[in-house]
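Note sheet for the following structure.
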Amino acid sequence: MKIAVEGCCHGKLDAIYDRIEQLERQNGYQVDLVLICGDFKAIRTQADLRCMASPPKYLEMGDFSKYYTREKVAPILTLIIGGNHEASNYFWELYHGGFIAPNMYYLGAAGVVQFNGIRIAGLSGIYKDRDYEIGIYICDHLLSEVRADAVSRSL
């Protein structure tokens, strides 16, 4: 089994899938699973963009909206672990995980899945010592609170 592991993709899904396809052709193998580890940028709309904790120069739509609307479908099952530059409104809706588009599964704030006999676990966000023990709270997603959603908490 071949698993492609991608670090922060920053919404560049088309480039990732194109590169994987190129490597498959060059090397004569097939990738069975893509694991994206942070900064996925599941931006569906401009409203999602306003819910992303990021410097203004990085606020761009990226490719995800094409997959969300089914204009495109991920060619390989893709598991997503959230990072600290995400549309916190959308991932909050899927706190326990779920499919975010066909063939794309978000592991949630903390999740475990089984794939072909391999157990894969993910903990979304970043670790910040001063924030880790303050717990999880429910709040309206005001812009001043967007950054609070991108930090891992003890469960």
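The values are calculated or read from the model by the stated rules, or taken from the named source; none is laboratory data. Owing to the predicted nature of the structure, the values given are computational and were not obtained by experimental measurement. Counting neighbours? That spans all protein chains shown, and the Cβs are built from the backbone with ideal geometry, glycine included.
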Fill in: Pairs with Cβ under 6 Å, 6+ apart, first in the stretch 74-99 and free of Cβ contacts under 8 Å to residues at least 12 places away in the same chain, second surrounded by 19 or more Cβ atoms within 10 Å (Cβ to Cβ) and not small (Gly, Ala, Ser)
PHE99/TYR105
Discussion item. So for the stretch 19-39 (the condition being of a type in the set (S, T, N, Q), crowded, with 17+ Cβ neighbours inside 10 Å and touching a helix residue (DSSP H, G or I) at 6+ places or on another chain (Cβ under 9 Å)), does at least one residue qualify?
Written reply: no
Worksheet item: Say we look at the stretch 47-57 and pick out the residues that are in contact (Cβ under 8 Å) with a residue 12 or more places away in the chain and of a type outside the set (Ser, Thr, Tyr); which of these is surrounded by the fewest Cβ atoms within 10 Å (Cβ to Cβ)?
Response: ALA47
Worksheet item: Got a sec? Which helices (runs of 4 or more DSSP H) wholly within the stretch 1-68 have at least 1 residues that are within 19 Å of PRO102 (Cβ to Cβ) and in contact with a Pro (Cβ under 8 Å, 6 or more places away or on another chain)?
Response: 13-27, 64-68
Worksheet entry | Pairs, first surrounded by fewer than 15 Cβ atoms within 10 Å (Cβ to Cβ) and of a type in the set (Phe, Trp, Tyr) in the stretch 114-134, second at pLDDT below 85 and not in a strand (DSSP E or B), C-beta under 7 Å, six or more apart | TYR127/SER152; TYR132/SER152; TYR132/ARG153; TYR132/SER154
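May I ask you to say which residue of ILE43, ILE80, ILE76 is of a type in the set (Val, Ile, Thr) and touching a Ser or Thr at 6+ places or on another chain (Cβ under 7 Å)? Spell out the reasoning first.
Values: ILE80 fails: touching a Ser or Thr at 6+ places or on another chain (Cβ under 7 Å); ILE76 fails: touching a Ser or Thr at 6+ places or on another chain (Cβ under 7 Å).
Within the list ILE43, ILE80, ILE76, the selection yields ILE43.
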Item to complete: Have a look at ILE3, ILE16 and point out the one that is more than 27 Å from GLU93 (Cα to Cα) and touching a strand residue (DSSP E or B) at 6+ places or on another chain (Cβ under 9 Å).
Response: ILE3
